[in-house]
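Here's the structure we're looking at; comments come further down.
The values are calculated or read from the model by the stated rules, or taken from the named source; none is laboratory data. From a predicted model like this one, the values you see are computed outputs, not experimental measurements. Heads up, the Cβs are rebuilt from the backbone with ideal geometry, glycines too, and the neighbour counts pull from every protein chain shown.
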């Protein structure tokens with residue numbers, strides 16, 4: 001099986017690059033590298049999630065599978081009185097995310113390395129955001145959704161972006177099974193942003 005971005009230590013030779021992006025009307029600069037997801041630009045799914053996500057100013061937020069950090073970095077700007085935890089299994093991506101937080105002047109966020117929610121075990125969140133690692137397989141993605149559901153505070157929301165052709169209907173059914181309620185928040189170009197709210 002060829003290596004994908006859901007890998008602890010990518011073997012691809014380093015090939016750093018950087019780009020500027022305007023997200024939610026704010027300017028950012030990101031450094032990326034080979035061996036991480038969507039290294040040339042913020043991918044369309046993440047852009048759609050960033051546009052749709054609703055975050056309270058004081059929320060405790062988890063960016064699950066943060067990559068080099070665009071979603072969590074924007075979330076930190078939207079929650080100036082809150083705190084953002086960013087986790088990724090990919091050590092190279094996590095180090096880039098740390099650098100990108102610093103480069104964008106973000107002080108209310110931190111990056112942790114590990115699989116799923118293990119790096120934030122025992123914590124509870126108001127909001128969890130994820131562009132899940134589809135290439136890692138359905139079993140991995142569904143485990144991440146289950147862990148996210150368990151880690152939400154009552155009334156908290158999980159926001160997920162997924163392509164229709166990569167299993168959006170089945171993912172929505174899985175979320176309905178876990179949460180009992182799921183809302184289609186945004187649809188564009190074959191992508192859907194789903195919001196699942198924990199009621200209890």
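When 59, 63 are checked against the criterion of being in contact with a strand residue (DSSP E or B) (Cβ under 7 Å, 6 or more places away or on another chain), farther than 21 Å from residue 192 by Cβ and surrounded by 17 or more Cβ atoms within 10 Å (Cβ to Cβ), 59 stands alone in meeting it.
Taking segment 46-77 as the range and being over 13 Å from the mean Cα position of the chain (by Cα) and under 15 Å from residue 102 (Cα atoms) as the test, only 77 passes.
The set of residues in segment 66-88 being in contact with a helix residue (DSSP H, G or I) (Cβ under 9 Å, 6 or more places away or on another chain) and either farther than 10 Å from residue 129 by Cβ or surrounded by fewer than 19 Cβ atoms within 10 Å (Cβ to Cβ) (or both) consists of 67, 68, 69, 70, 73, 76, 82, 83, 85, 87, 88.
One line per residue, one yes/no per condition, for (1) in a helix (DSSP H, G or I); (2) exposed (fewer than 13 other Cβ atoms within 10 Å of the Cβ); (3) at pLDDT 95 or above; (4) touching a strand residue (DSSP E or B) at 6+ places or on another chain (Cβ under 9 Å):
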position	(1), (2), (3), (4)
139	yes, yes, no, no
147	yes, no, yes, yes
155	no, yes, yes, yes
159	no, no, yes, yes
165	yes, yes, no, no
171	yes, no, no, yes
177	yes, no, yes, no
195	no, no, yes, yes
200	no, yes, no, yes
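Flag set for residue 104, criterion: in contact with a strand residue (DSSP E or B) (Cβ under 9 Å, 6 or more places away or on another chain) and surrounded by 18 or more Cβ atoms within 10 Å (Cβ to Cβ). Hey, does segment 112-127 have a residue that's closer than 23 Å to residue 44 by Cβ, in contact (Cβ under 8 Å) with a residue 12 or more places away in the chain and either in contact with a strand residue (DSSP E or B) (Cβ under 9 Å, 6 or more places away or on another chain) or not in a loop (DSSP other than H, G, I, E, B) (or both)? So far as segment 112-127 goes, yes, one or more of its residues are closer than 23 Å to residue 44 by Cβ, in contact (Cβ under 8 Å) with a residue 12 or more places away in the chain and either in contact with a strand residue (DSSP E or B) (Cβ under 9 Å, 6 or more places away or on another chain) or not in a loop (DSSP other than H, G, I, E, B) (or both). In the set 105, 67, 72, only one residue is within 18 Å of residue 158 (Cβ to Cβ) and assigned to a loop (DSSP other than H, G, I, E, B); that residue is 67.
Each residue in segment 107-137 was checked for being surrounded by 15 or more Cβ atoms within 10 Å (Cβ to Cβ) and more than 22 Å from residue 32 (Cβ to Cβ), and 8 of them qualify.
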